[in-house]
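Take a look at the structure set out below.
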Amino acid sequence: MMHDYPDRMTPQQARAFRDDVLNIVSQIPHGSVTTYGIIAALAGWPSHPRMVGRTLRYTPGAEQLPCHRVVTIAGRTAPGWSGQRTKLEEEGVTFKPNGNVDMERHLWQPNGLSPADPPPAPPCREGSI
């Protein structure tokens, strides 16, 4: 699990975060991308975009999800994953001359959320009140 994040996330919150991340990633439409930060915000932990990446990398079964559709806010693909760009191009995602995804054309922002918007309030979880 995410042992290298010594913050206020309890084990139950970490499991809920993982489940939320996997659910959000499963909804990214074909031909679109979203960012680690947007996923973290939607999962209720906007300061944890790196934890989104670790969740996707280390959760068994995550490779069955469209993880290739997750990029940085600048549109950079994951370092060391040469097949990510190929998968995105096969879906019609275009890249700028600098090698980054054309975020203006392909960014998926559920519920109209933009990267500059404040994140939604985290959902109340059973036992959290």
Once amide hydrogens are built 1.01 Å from N within the peptide plane, the residues lying 5 or more places from THR35 or on another chain with amide H under 5 Å from its amide H are VAL71
Roughly how many percent of the accessible protein surface of segment 1-94 is carbon and sulfur, given a 1.4 Å probe and a whole-percent answer?
51 percent
Please work out the average accessible area per residue across segment 31-120, using the 1.4 Å probe convention, and give it in Å².
54 Å²
With a 1.4 Å probe and all protein chains kept in place, how do THR86, THR94 rank by accessible area, largest first?
THR86, THR94
Let me cross-check PHE95: its accessible surface, 1.4 Å probe, with only protein heavy atoms counted, in Å² to the nearest 10?
40 Å²
So what J values fall out for segment 19-34 if you push phi through Karplus, 6.51 cos²θ - 1.76 cosθ + 1.60 with θ = phi - 60°, rounded to Hz, Gly and Pro as x?
5, 5, 4, 5, 5, 4, 4, 5, 9, 5, x, 3, x, 10, 9, 9
Do you know the relative contact order of segment 22-98, to the nearest whole percent, from alpha carbon pairs under 8 angstrom that are 6+ apart?
34 percent
About the Cα centre, charge dipole magnitude for segment 35-107 (Lys/Arg +1, Asp/Glu -1 at Cβ), debye
260 debye
Calculated FRET efficiency for the pair SER47/SER82, C-beta based, R₀ 41 Å, to 0.05:
0.90
Accessible area (Å², 1.4 Å probe, nearest 10) - GLU63
130 Å²
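The values are calculated or read from the model by the stated rules, or taken from the named source; none is laboratory data. Quantities reported herein were computed from a predicted structural model and do not represent experimental measurements. Virtual Cβ from ideal backbone geometry, glycine too; neighbours counted across all protein chains shown. For the accessible areas, the whole protein counts, side chains as well, though only heavy atoms, and no ligand, DNA or RNA atoms are used. Shrake-Rupley method; radii C 1.70, N 1.55, O 1.52, S 1.80 Å.
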